[in-house]
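> Below you'll find the structure I mean.
Laboratory data are not the source of any read-out in this text; all were calculated from the coordinates shown. Fair warning: this is a prediction, and the values are worked out from it, not measured in the lab. Reconstructed Cβ throughout: ideal geometry from the backbone, glycine too, with neighbour counts over all protein chains shown.
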Amino acid sequence: MTQDSKIGYKMKDFVLSNPLNPTRFDIPVFVAPYVISDYGSGCVMGCPGHDERDHEFWSLNAPKEEIKVVVSPKVSIEGALFTGKDGFLNDSCGRFSGLSSAEGGKKIVDELLANGYGKHAVEWRIRDWLISRQRFWGAPIPMVHCKSCGIVPVPDADLPVLLPKTNNLSSSGNPLALDKEFVHTKCPSCGGGAHRDTDTMDTFMDSSWYFFRYTDPKNQKEIFSYDAASALMPVDIYIGGVEHAILHLLYARFISKFLASQGLWSGGDLSGEPIRRLITQGMVHGKTYNDADTGRFLKPEERDINDPSNPKSILTGKPAVITYEKMSKSKYNGSDPGECISKHGADATRAHIIFQAPVSDVLSWDESKIVGIERWLAKVIALGDSLCAEIITSKGEILTPINKKHLTTEELDLWNSIQSQITLITNSMEDVYSMNTSISNYMILTNTIITAQKSRNISGNIVLESYERLIKLMAPVTPSTAEECWEKILKSSGKEWTSVFTQSWPRAEKMRESADVKFNVFVNGKMKFVFSGTKELYEDQSKVFDLICATEEGRKFILGRAIKKVIVPPGRAVISFVLG
Ligand SMILES: [Zn+2]
């Protein structure tokens, strides 16, 4: 009979009493295979009124008998089995009636305790962890089996027990057990003949704490020094697949807390937790072509992708159904990053991967979209080339830093947008890890600088400075492009070459307040246009008319008309004309 089987055999003439009601023998006893093997100790109390499995068992084995309900939910649902933990003991519970589940449970155990039938206990769901494996790859368990002394630990001086160098790995069974030289040893206790344990430790034993060793890798005396581990642990950020979060990181936390409790490290500021932050990167899904009729996965040679926007099945001529699925050989949807790199370069491939999805989301791999990245990189290179040309045509003039105190409005706008992009990109990289948005920020920054370069009101030097910042910001994502662009600028500037990677990361400087005010110009109470003027206009209003009439809008709305009054209210971005 399987463990899932709910068949039970009722024992004849054998009934039990509830210890809280010792004179009444009315509890039937069943023999059944369905009891969970590690739950209780062979004899468990069934509760068909409040447990789904017990309910099914009872319904099958005693279909005609009433199911007794003893706990009522706060809100009852007609006909539904109540299995919750926060109900109330109902009228059939005698002296416990009306108590909440928690209170009732406590009172009942108190009474059992008073009568010597039981006691309060904490229920641990943690089980022993069997660390031994019958595999070659793993750290050997440092125990020796001696016929006279039993199991004897290998003395500290002889640790660690290393795996033998050579072994017959192709044999069946545990290869370690077949290595006689490894197995036969002397008992550390009596010196007589003995044999080593041939099991190895679960590999989780090592992967649970390797990062501690990184803090002190050359230590020959200890697992790691207290000071080194305490100074560097916990790990700032752990990047791995979500499958790591289930077992490996659970064991890592367990071992790390154990090491802290043993005084091997301080335990840091997180009560012995080994990792400050976990990022689980998403999976890359591949473009999958399915036959429209059968759903069968189409092999590459069965696809007609002459028109990439309308792929078809060669066999049927019908459009193929496109989905993005976990890459698999049977779905013919794998992509080789090596091929993509050889076609588009490592920089474009890397930036494309980063750009396509937030790091923890599924990435639907579509190589055709890489053109967006390629266009952006081409723009960055072209911009660099044109700046190099400008360095030469301006005879180096654009290399002279301009005084940042006297920037034009457009220069200030450029300066401020560079600072805000530096802040956004730095934040994406250091804090929120939204790497995909940092790629959009690179693109925005590139376009801003290209527009600025075309403006006559922006000095070449500030454009060049902005470009240099862009290159430094790009360096971690597109190192080859950044290094090449950096080198060209240095060469054109007549400077000695240093790698872009020796440069420090740009830090956002304080935003500069524009010296100009964007005045809303009102004519007879109606807002007509915006005029950009200096703050001096508040003090010296005599210039207002001339300046405004020098603009196209000023000529259109004001010039040639009788002016009764001009008002520039202090501190407000308003100029008001009252015309006759
Ligand atoms: Zn011995």
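> Which links in Lys454/Lys556; Lys10/Lys74; Lys395/Lys454; Lys10/Lys64; Lys369/Lys510; Lys312/Lys369 stretch past 26 Å when you go from one Cα to the other?
Numbers: Lys454/Lys556 28 Å; Lys10/Lys74 34 Å; Lys395/Lys454 19 Å; Lys10/Lys64 14 Å; Lys369/Lys510 37 Å; Lys312/Lys369 20 Å.
Too far apart for the 26 Å limit: Lys454/Lys556; Lys10/Lys74; Lys369/Lys510.
> Given a cut-off of under 8 Å on Cα pairs at least six residues apart, what relative contact order in percent is computed for the chain?
Once normalised by length, the contact order is 6 percent.
> Hand me the GluC sites (Glu not before Pro) from the stretch 158-267 located in a DSSP loop with no more than 13 other Cβ atoms within 10 Å, in residue order please.
Glu222
> What is the gain in length, in nm to one decimal, between Tyr214 and Lys107 on full extension, counting 0.36 nm per residue of separation less the C-alpha to C-alpha distance?
33.2 nm
> Tell me which of Ser492, Ile126, Gly84 sits at the most positive position along the dipole axis of the chain, charges placed on C-beta atoms (Lys, Arg +1; Asp, Glu -1).
Of the options given, the answer is Ser492.
> Using Cα atoms only, what is the angle between the long axis of helix 435-454 and the major principal axis of the chain, expressed in degrees (0 to 90) to the nearest 10?
It is inclined by approximately 0 degrees.
> Treating the angle as unsigned and between 0 and 90°, give the value, to the nearest 10°, between the Cα long axis of helix 346-356 and the longest Cα principal axis of the chain.
70
> Please tell me which of these pairs span more than 31 angstrom C-alpha to C-alpha: Lys218/Lys472; Lys343/Lys472; Lys488/Lys535?
The answer is Lys218/Lys472; Lys488/Lys535.
> Just in the stretch 389-494: which trypsin sites (Lys or Arg not before Pro) are loop by DSSP and have at most 16 other Cβ atoms within 10 Å?
Lys395, Lys404, Lys405, Arg456
> Right, next: Tell me the angle of helix 52-61 to the major Cα principal axis of the chain, expressed in degrees between 0 and 90 and rounded to the nearest ten.
Orientation of helix 52-61: about 40 degrees from the principal axis.
> Sticking with this structure for a sec: Using the alpha-carbon centroid of each, what span in Å lies between the stretch 138-175 and the stretch 277-297?
When both Cα centres are located, 45 Å separates them.
> Could you check the simple spin-label distance between Thr294 and Lys68, using points 7 Å along Cα→Cβ, in nm with one decimal?
Taking the two extended label points, one gets 6.2 nm.
> Under the classification rounded if a/c is under 1.5, otherwise prolate if a/b is larger than b/c and oblate if not, where does the stretch 370-502 fall, given a ≥ b ≥ c as square roots of the Cα gyration tensor eigenvalues?
Taking the square roots of the gyration eigenvalues as a ≥ b ≥ c, the stretch 370-502 is oblate.
> Okay, next question. Return the distance in nm (one decimal) between the two label points of a simple spin-label model at Lys543 and Leu169, each offset 7 Å from Cα along Cα→Cβ.
According to this spin-label approximation, the distance is 8.2 nm.
> How would the stretch 9-114 be classified by its alpha-carbon gyration tensor: rounded, prolate or oblate, with rounded meaning a/c under 1.5 and the a/b versus b/c comparison settling the rest?
Oblate, because a/c is 1.5 or more while a/b does not exceed b/c.
> Another question about this same structure. Could you grab the relative contact order for the stretch 516-579? Cα pairs under 8 Å, six or more apart, rounded to a whole percent.
On the way: 94 pairs, mean separation 25.4, N = 64.
This gives 40 percent for the stretch 516-579.
> For the stretch 241-250, just list the computed ³J(HN,Hα) in residue order, Karplus coefficients 6.51, -1.76 and 1.60, θ = phi - 60°, integers in Hz, with x standing in for Gly and Pro.
Result, ordered by residue: x, 5, 5, 5, 5, 7, 9, 3, 6, 5 Hz.
> Using 18 Å as the cut-off for backbone N distance, which residues of the stretch 507-525 belong to the label zone defined by a point 7 Å from the Cα of Lys535 along Cα→Cβ?
Flagged as within label range: 510-520.
> While we're on this one: Nothing charged except the Cβ atoms of Lys and Arg (+1) and of Asp and Glu (-1): what's the magnitude of the dipole of the stretch 108-250 about its Cα centre? Round to the nearest 20 debye.
About 580 debye.
> Could I ask something else about it? Between Ser420 and Asn403, what is 0.36 nm times their sequence separation minus the Cα-Cα distance? Round to one decimal in nm.
Difference between extended and current length: 4.1 nm.
> Hey, another quick one. Evaluate the charge dipole of the stretch 205-280 about its Cα centre and quote only its size in Debye, nearest 20, assuming +1 on the Cβ of each Lys and Arg and -1 on the Cβ of each Asp and Glu.
Numbers: 7 positive and 8 negative charges, 7 e Å.
The dipole magnitude comes to about 40 debye.
> Still on this structure: Which distance in Å, rounded to a whole number, links the C-alpha centroids of the stretch 469-501 and the stretch 351-367?
Centre-to-centre (Cα) distance: 26 Å.
> Sequence-distant or interchain residues sharing an amide H contact under 5 Å with Val154, placed H: which?
So Val154 has HN proximity to Met143, Val144.
> Moving on. Looking at this model, which pairs from Lys6/Lys119; Lys528/Lys565; Lys68/Lys119; Lys85/Lys107; Lys518/Lys543; Lys12/Lys68 are more than 23 angstrom apart at the alpha-carbon?
Working: Lys6/Lys119 31 Å; Lys528/Lys565 16 Å; Lys68/Lys119 25 Å; Lys85/Lys107 15 Å; Lys518/Lys543 16 Å; Lys12/Lys68 21 Å.
Checking Cα-Cα distances, Lys6/Lys119; Lys68/Lys119 exceed 23 Å.
> Could you please rank Tyr210, Tyr34, Tyr442, placing first whichever residue has the fewest other Cβ atoms within 10 Å of its Cβ?
So the residues, fewest neighbours to most, are Tyr210, Tyr34, Tyr442.
> Now a separate question. Could you tell me which of Ser100, Val69, Ser17 has its Cα farthest along the dipole of the stretch 9-114 towards the positive end, charges placed at Cβ (Lys, Arg +1; Asp, Glu -1), taken about the Cα centre?
Ser17
> Let me ask something else about it. How large is ³J(HN,Hα), in whole Hz, for each residue of the stretch 9-18 in order, when computed from phi with the Karplus curve 6.51 cos²θ - 1.76 cosθ + 1.60 and θ = phi - 60°, using x for Gly and Pro?
Residue by residue, the stretch 9-18 yields 10, 6, 7, 6, 6, 9, 10, 10, 10, 7 Hz.
> Something else now. Normalised by the residues of the stretch 214-296, what does the relative contact order come to in percent, with Cα pairs under 8 Å and at least six apart?
RCO, the stretch 214-296: 35 percent.
> What distance in nm lies between label points placed 7 Å from Cα along the C-beta direction at Lys510 and Ser5?
For the pair Lys510/Ser5, the computed spacing is 8.3 nm.
> Can you show me the helix-derived [θ] at 222 nm for the chain, built from DSSP H runs with n ≥ 4 at -39,500 (n - 2.57) apiece and divided by the number of residues, rounded to the nearest 500. Could you put the intermediate results ahead of the total?
Values: 18 runs with 189 residues, N = 580.
It comes out at -9500 deg cm²/dmol, rounded to the nearest 500.
> Also: Give the span of the stretch 205-280's Cα atoms along each principal axis, as three whole-Å numbers ordered largest to smallest.
35, 23, 19
> Moving on. Going toward the positive end of the dipole of the chain, with +1 on Lys and Arg Cβ and -1 on Asp and Glu Cβ, which of Met511, Gly571, Val523 do you reach last?
Farthest towards the positive pole: Val523.
> Could you list the GluC sites (Glu not before Pro) in the stretch 490-580 that lie in coil according to DSSP, counting only those with at most 10 other Cβ atoms within 10 Å of their Cβ?
Those satisfying the criteria are Glu496, Glu513.
> About its Cα centre, what dipole magnitude does the chain give when the only charges are +1 on Lys and Arg Cβ and -1 on Asp and Glu Cβ, stated in debye to the nearest 20?
Numbers: 67 positive and 70 negative charges, 241 e Å.
In debye, rounded to 20, the chain gives about 1160.
> Give me the distance between the Cα centres of the stretch 410-447 and the stretch 299-336, rounded to whole Å.
So the two Cα centres are separated by 38 Å.
> Moving to a separate point now. May I ask you to list the lysines whose Cα is less than 16 Å away from that of Lys318, ignoring any residue fewer than eight positions away on the same chain?
Partners found: Lys299.
> List, in order, the whole-Hz ³J(HN,Hα) value for each residue of the stretch 524-540 obtained from phi through the Karplus relation with A = 6.51, B = -1.76, C = 1.60 and θ = phi - 60°; use x for Gly and Pro.
Ordered by residue, 3J(HN,Hα) equals 6, x, 10, 5, 10, 7, 10, 10, 9, x, 7, 5, 4, 4, 5, 7, 10 Hz.
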